[in-house]
Amino acid sequence: AITSKKMVATFEGNGATVSNKSVSCYVYNTAETCSVSIPQITRKGWTVLGVSSNKNSHTAIPAKTVEAGKTYYAITNKKLTLTVNGNGASVSKSGVTCNIYNNDKSCKVTTPTITRSGYSIIGFNSNANAKTAGYKINSSITLDKDKTIYAITSKKLIATFKGNGAKVTKSSVTCNVYNNDKTCKVTTPAITRSGY
């Protein structure tokens, strides 16, 4: 006598779309398993890695067929990039990437270091003209999409005032230049000279 039994493999999109949610095959007589072809997996803007029996996996089964009688999840990933602009300074990395998988909404990256001779290092900001840090050096940033940050640096400039026979209320005044700025403005001191 020949006996048969229908086996079904179930496929879950896990954030992606699968062309067929269940694929079946038959086992005959004493056989316990049969193989089915993995259905087509699509996800716009994402890389399809394959399937896994673990919903949260970051790796997939390399084969084109899987064993029936189990549930499999589509495994997909997408690379997100943090672009780092030196903004007048030097940065140790111009870009840092991380991957989001399956139903994840975000991933984390670490900001690089900043160097600039003669300048104070402030940190990073999403605004190239900022004067304060939105992010610190070597700190974690959560990405939910591609993002660009700019190094923020400053340098103190000194304007010196000589009396030249008169008196000035201040002999020097300072201001800070930031990032790609070349100049900054100061207010001149008052000048006094009796009889002049």
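The values are calculated or read from the model by the stated rules, or taken from the named source; none is laboratory data. For clarity, every value in this text was computed on a predicted model and none was experimentally measured. Note: ideal-geometry Cβ built from the backbone for every residue, glycine included; neighbour counts use all protein chains shown. Quick note on the areas: whole protein, heavy atoms, side chains included, nothing else; ligands and nucleic acids left out. Shrake-Rupley method; radii C 1.70, N 1.55, O 1.52, S 1.80 Å.
Observations on the structure shown:
- Val8 over 30 Å from Ser126 (Cα atoms) and β-branched (Val, Ile, Thr): yes
- Of the residues contained in the stretch 66-83, one or more are found to be outside any loop (DSSP other than H, G, I, E, B), open to solvent by 70 Å² or more (accessible area, probe 1.4 Å) and without any contact (Cβ under 8 Å) to a residue 40 or more places away in the chain.
- All of (1) within 18 Å of Asp146 (Cβ to Cβ); (2) part of a loop (DSSP other than H, G, I, E, B) hold for Gly88 with one exception: (1).
- Any chance Lys145 is charged (D, E, K, R) and closer than 30 Å to Lys44 by Cα: yes
- Check on Thr42, at pLDDT below 95 and touching a Ser or Thr at 6+ places or on another chain (Cβ under 6 Å): no
- Whenever a residue of the stretch 37-62 is on the phi > 0 side of the Ramachandran plot, its partners that are of a type in the set (Val, Ile, Thr) and part of a strand (DSSP E or B), lying with C-beta atoms within less than 9 angstrom and at least six residues away or across chains, give the pairs Gly50/Ile41; Gly50/Ile75.
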